[in-house]
Amino acid sequence: MKRCAASFLCAASALLLATRMPSIEVEAAIRSFDFNARLQYAPLLYSLPNHTAIYHEWPPRKLRKTLPNYISAAIIAEPQRDFAAADEGAVGDDANDVPLISPPIHVQAGDILSVALTNSLPTTGLSLHWHGFEMTNALEYDGVTGVTQCPVSPYTRFVYEFAVEEVPGTYWWHTHSGMLGIHAINAIHGPLIVHPDGEEAKHLVHRLNKEAGDENPWYYENERILFFKDGFVHPDALHSESKMGNLLEAVSKDDGGHTVGTSAWEYGTCNGRIREIVPVSAGETYKFRIINGGVHYGLRISIASLKMKVVAADSEPVEPIVVDEVFVHAAERFDVEVTIPQDWTEGQYWIRADTSESAYQGYQNGIRAILNIVPNNTSSAKRRSSLLSNTKEVPDPEANIRSPLGRSDDHKTLNCFERATFDGVPSGGKCLQITTLSQ
């Protein structure tokens, strides 16, 4: 066993690891995942078709960060892909479809979740944290280095294994190791979905986790996962070093004077991609599991300008409330239900995730994904080669990529700060604070 920097921490960890898992009255399924954290080149600008307005026309040029075609990322490779055939760090066919995110985990309430983490990152320790899980009976697996565990050293392996005792809902997992000491961005994070008990959900979870299965773990049945994240070209450590000595960029603020971000916006992704395509069908109602896995920016999210019924917040069911958009701060999650109009038989519509920077001062930053209307029998098609083949052929929506500057008086935004005025111009709409929700 590797020696920790603090001997008392290792002693405490050893004691906790010796504690047996609490007994479960019914036979629990063991959901096993083999995660290998490694470096990989992933496409950034190269993933965008020439015809899209995303980062070609929007954000405006004066706000647009110069992005590379490819970027080095620390990721958990999806199990069905074989990266062994490619040289370490090489830009090959496999690299053309590497999203800046790691695989989703699907479990059922009462399962035993077992994740074997191999750290193939050469110069940094690593841990995994299960965001939203209370870990009441498995604190030793909470994954906070320096608090509940020592980091997993380079080229070693550690197994997280604990009972899933949370209520069914939307969670996520990510590293909790501070800044990774590597010259690559950190893309070791992904959705963690807890499904209810029962045979039907059991079979669904099995299909979603099956490596060779046809079920799409992001878009399945009438559920869609939307994992938003702000992104920065430089690695975490270098990004922080650039601020040493109080060499800080000017903070951006919203129209109400609240601080929005302490680092300038560079780019953002939905499900690990700058231009994600989300398939749906006309006349269907979908649950969208919205996650903000970013580190700096909250995002004001709307789906094709359709009404959304909020049914859960941070994995807890709430009394449904109908709004036009939801403001999702970093690490927050919302489940919303959206009905696709019956007459939307074809076409594309914007999924908008805007920062709360002042639009009246000219800021237009955020993330765009595309809601793609497809026939009923293909809306959950397997998500393969989505960067370089089928999704590049999907056109941009005809609607303006920019969000409207003003809002009608009956426009409702959940989880925002108070609506304010800027130079006497009202931003419009109704702000429903998070305390509006009730269980």
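The values are calculated or read from the model by the stated rules, or taken from the named source; none is laboratory data. This structure is a prediction, so every number in the text was calculated from the model and none was measured. Backbone-built Cβ (ideal geometry, glycine too); neighbour counts: all protein chains shown. To get the accessible areas, we keep the full protein, side chains included, count just its heavy atoms, and leave off ligands, DNA and RNA. Shrake-Rupley method; radii C 1.70, N 1.55, O 1.52, S 1.80 Å.
Accessible area per residue was computed with a 1.4 Å probe on protein heavy atoms; Thr156 scores about 40 Å². Surface calculation, 1.4 Å probe, protein heavy atoms: Val318 sits at approximately 20 Å² accessible.
Between Asp409 and Ile434, the distance separating the two model label sites (each 7 Å from Cα on the Cα→Cβ line) works out to 3.0 nm. Between His329 and Thr123, residue separation times 0.36 nm minus the direct Cα-Cα distance comes to 71.0 nm. Heavy atoms of the protein chains alone define the surface here; on that basis segment 123-239 has 40 Å² accessible area per residue at 1.4 Å probe size. With a simple spin-label model that places each label point 7 Å from the Cα along the Cα-to-Cβ direction, the separation between Val167 and Val322 comes to 2.4 nm.
The simple Förster model, with R0 at 45 Å and r as the Cβ-Cβ distance, assigns Asp34 and Glu199 a FRET efficiency of 0.95.
For segment 258-412, the equivalent ellipsoid built from the Cα gyration tensor has semi-axes of 24, 19, 16 Å, listed from largest to smallest.
The slack in the chain from Val233 to Thr136, taken as 0.36 nm per residue of separation less the alpha-carbon distance, amounts to 31.2 nm.
Based on the mean of other beta carbon atoms within 10 Å per residue, what is the order of 335-347, 358-370, 268-280, most packed first? Write down the numbers at each step before the final one.
Numbers: 335-347: 15.3, 358-370: 20.4, 268-280: 23.5.
So the order, starting with the most tightly packed, is 268-280, 358-370, 335-347.
When the P(r) of segment 135-228 is calculated, the portion above 16 Å amounts to 68% of the C-alpha pairs. Taken along the Cα-to-beta-carbon direction at a fixed 7 Å, the label points for Tyr155 and Glu57 span 5.2 nm.
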